[in-house]
Amino acid sequence: MVLTFLLLLAVLCYAIRVELDGGQETPAPAAGLCPGCSGAVEADWLLCPRCRQLLRESCGVCGAATATWHSYCAHCGARREEEE
């Protein structure tokens, strides 16, 4: 009985976590490659010169440049606002 309760609680916690995370994880591109066209890009570039894919944008809280595929700012930890 207790085991069933714990299993149900674990499934419920997992469902809540997936809902809070949005359920969609954007995979990070390979180092030095554009996520849009897979062309070579430098780490400090803001957009890809081939396909104009945005690579970095300013954090709304601290202003630091953050990769667009990150869910949170690497500098202050603020959640990135997704454009819909």
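Answer with yes or no whether Leu20 is out of contact with any helix residue (DSSP H, G or I) (no Cβ under 7 Å at 6 or more places or on another chain) and at pLDDT 90 or above. No.
Looking across the stretch 42-84, the residues that are more than 16 Å from Gly32 (Cα to Cα) and either touching an Asp or Glu at 6+ places or on another chain (Cβ under 9 Å) or in contact (Cβ under 8 Å) with a residue 60 or more places away in the chain (or both) come down to Gly60, Ala65, Ser71, Arg80, Glu82.
The values are calculated or read from the model by the stated rules, or taken from the named source; none is laboratory data. In this text, all values refer to a predicted model and were calculated from it rather than measured experimentally. Reconstructed Cβ throughout: ideal geometry from the backbone, glycine too, with neighbour counts over all protein chains shown.
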